[in-house]
Amino acid sequence: MATLKPLPRVTEVERIVLDVPFTPRCEEWNALLVRNWRVVEICRVLTEDPEVWGIGETVVHYTWQGVTDAAVARVTGANPAEHLFDDSLGAGLQMALFDLVG
């Protein structure tokens, strides 16, 4: 029977906010229906093992929040599996943790 390796601890969370331009046709509809959907935050969670990392994203003005410095501090140094269902982290960070653990 195979033995599972423990997950490496989180060492860093990279956050990048992007303002992704839409085509003129999409821009017109998005301005009417879903203001600011073009602003996204990408989160990449790095670990002690450079081959084990996760990535997630959120539409900043649609979900409940972007990722805060406090959320990054909470997961840094921790086992990523311990924070999978913590909705207070922000969708991008939470998604990146799920990606990493998966």
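Odds and ends about this structure:
- Residue in the range 1-44 that is modelled with the lowest pLDDT, counting only those that are hydroxyl-bearing (Ser, Thr, Tyr) and out of contact with any strand residue (DSSP E or B) (no Cβ under 6 Å at 6 or more places or on another chain): Thr3
- Looking only at the range 53-70, and only at residues there that are in contact (Cβ under 8 Å) with a residue 40 or more places away in the chain and crowded, with 16+ Cβ neighbours inside 10 Å, the one that is farthest from Met95 (Cα to Cα): Val60
- Taking the range 1-90 as the region of interest, the strands (runs of 3 or more DSSP E) fully inside it that hold 3 or more residues being more than 19 Å from Val101 (Cα to Cα) are 10-19, 39-47.
- Every condition in (1) within 22 Å of Lys5 (Cβ to Cβ); (2) open to solvent by less than 30 Å² (accessible area, probe 1.4 Å); (3) within 12 Å of the chain's Cα centre (by Cα) holds for Pro80 except the one numbered (3).
- Of all residues making up the range 85-102, the number that are surrounded by 14 or more Cβ atoms within 10 Å (Cβ to Cβ) and within 12 Å of Leu7 (Cβ to Cβ): 3
The values are calculated or read from the model by the stated rules, or taken from the named source; none is laboratory data. From a predicted model like this one, the values you see are computed outputs, not experimental measurements. Note that we place each Cβ from the backbone using ideal geometry, even for glycine, and neighbour counts take in every protein chain shown. With ligands, DNA and RNA removed, areas are computed over all heavy atoms of the protein, side chains included. Shrake-Rupley method; radii C 1.70, N 1.55, O 1.52, S 1.80 Å.
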